[in-house]
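Here is the structure we will look at, set down as structure tokens.
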Amino acid sequence: MDQGVAAVIAAGVAGVVGVTGSLIGMRMGRRQVSDQAQVEHEQWLRGQRQEAYIAVLDAWDTAVKGLRRMIEEEAENQVLGTRYEEERDGYERDVWSALGERVRAEVDDLSVEAFKALERVQVLGPESVDKTAINLEDALHFMCGAIRARTGTREWPDYAGFSEAVRVTTRARQDFMNASRSVLRSAPCPGKR
């Protein structure tokens, strides 16, 4: 009986080890599949973020370039003395009012794509980039406000306000670049949740 008991015990131990090994193998296999799915998702998300971040920078640069051009052209017009010839003919009020409407419409047209691109970034995240995207959005609102300030009057453009807006937007863009660079340069980590 000693040999029989030993054989039964050995078979029982082998069975337990076999079942335990199978369970461990299943768990490891599931974990591997889960990790692989997570890495693939993170790679997909990184690609989406990269496209969104680049779209923001392109739309941002286009908007800011257009807004700066508006101010620079206005300064050029004032220097050359070619600003609003109708003003000389007694239509000053209508000319300034029309200018104000044109400036507001042009500012809206120039900035709309940048705001759309910023929304996409805020959807894709992560939170560190969301914060800088919100700051970027606020800076663009600030710049648009600085350009709209004093429209419809002789005091337009407000060069001091615009200069401050340029400083704020430049800093906001750099912060966004730093945050997005940090996110895009970090590799996906399996098992990290």
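Checking the structure you have, find out if any residue of the stretch 86-98 is modelled with pLDDT of 65 or more and under 21 Å from Phe142 (Cβ atoms). Scanning the stretch 86-98, I find no residue that is modelled with pLDDT of 65 or more and under 21 Å from Phe142 (Cβ atoms), so the answer is no. Based on what the data block shows, is Lys116 loosely packed, with under 14 Cβ neighbours inside 10 Å and basic (Lys, Arg)? The answer is yes for Lys116. Applying a threshold of 9 Å to beta carbon distances and a minimum spacing of six or more residues, or different chains, the list of pairs starting in the stretch 140-164 at a residue that is on the phi > 0 side of the Ramachandran plot and ending at one that is open to solvent by less than 30 Å² (accessible area, probe 1.4 Å) and in a helix (DSSP H, G or I) reads Arg150/Gly100; Arg150/Gly161; Gly152/Trp96; Gly152/Leu99; Gly152/Gly100; Gly152/Val103. Residue count for the stretch 94-150 under the criterion of being of a type in the set (Gly, Ala, Ser) and more than 21 Å from Glu51 (Cβ to Cβ): the result is 8. Within the stretch 146-187, restricting attention to residues that are open to solvent by less than 70 Å² (accessible area, probe 1.4 Å), among the small types (Gly, Ala, Ser) and farther than 30 Å from Arg46 by Cα, the residue that is modelled with the highest pLDDT is Ala165. The set of residues in the stretch 123-145 being open to solvent by less than 10 Å² (accessible area, probe 1.4 Å) and among the hydrophobic types (A, V, I, L, M, F, W, C) consists of Val129, Ala133, Leu136, Ala139, Leu140, Met143, Cys144.
The values are calculated or read from the model by the stated rules, or taken from the named source; none is laboratory data. Source: prediction; values computed, not measured. With ideal geometry, Cβ positions are generated from the backbone for all residues, glycine too; neighbour counts draw on all protein chains shown. What goes into the accessible areas is simple: the full protein's heavy atoms, side chains included, and nothing from ligands, DNA or RNA. Shrake-Rupley method; radii C 1.70, N 1.55, O 1.52, S 1.80 Å.
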